[in-house]
């Protein structure tokens, strides 16, 4: 990675991974091409952020959160940022997920922090949606089979979750999902070939630790199972998928710390 960082955000668009912010590169914005195994530096973020949220929609990248309400959209063709409507509620360590032509932001800390916010690009407006049953900062999330999954997270130091909540946009309701085998916060998650992959994570319950485990959820069986471990324990990572592989970006290996940071891309071939 050109910029070695942790507590960053990742979004995949057009077969490339866009990586934004984080400790070690607060305003850094770079793109990784998995086919060429190469990085390109892009126009810097409009403002430095750690623990931001990133999502791809309609050929563009949306950036928000990280202790702010500002939302910006990036146009890859022009390499430019444009400000869009601000969040209703400030968010930090939340996750942004694209589903059905909209961006959903959930989890994290900030005012009314169980409330999910939905962005409509045509209206350039955020609206409130159903609240999570549990406050979850450093949460991970994915979209699968028309629903959103809120995975793990924590409620500050001294707690960590393995529980899962599933959101149905048709009913605007969250319901319990199948819990992961391991508790995790500040970890990566992505969908690979119709299955949910999660890896790493921080455990701020004494004695503090960082995980190296990787799990996969098969919606056909409703079960989580372990896959190959990360080469090292990591938290504060971003993750994504491309052509049947699971990619993990950045992260740090000490709990409650932004160091030491790793500057490589970890790739799992299931």
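FYI, it's all coordinate maths here, none of it is from the lab. From a predicted model like this one, the values you see are computed outputs, not experimental measurements. In this analysis, Cβ positions are derived from the backbone assuming ideal geometry, glycine residues included, and neighbour counts consider all displayed protein chains.
Over the chain, Cα pairs under 8 Å with separation of 6+ residues give a relative contact order of 13 percent. Protection proxy ranking of 120-127, 255-262, by the mean of other Cβ atoms within 10 Å over each peptide's residues and highest first, is 255-262, 120-127.
A simple spin-label model places pseudo-atoms 7 Å from Cα toward Cβ; at residue 75 and residue 171 they are separated by 4.2 nm.
Counted residue by residue at 0.36 nm each, then reduced by the alpha carbon distance between them, the extension gain from residue 221 to residue 40 reaches 61.2 nm.
The protection proxy used here, the mean number of other Cβ atoms lying within 10 Å of each residue, ranks peptides 33-40, 162-169 as follows, highest first: 162-169, 33-40.
Legend: translational diffusion of segment 9-261 by Stokes-Einstein, Rh = Kirkwood radius over C-alpha pairs, 4 °C, 1.567 mPa s; D = 72 µm²/s.
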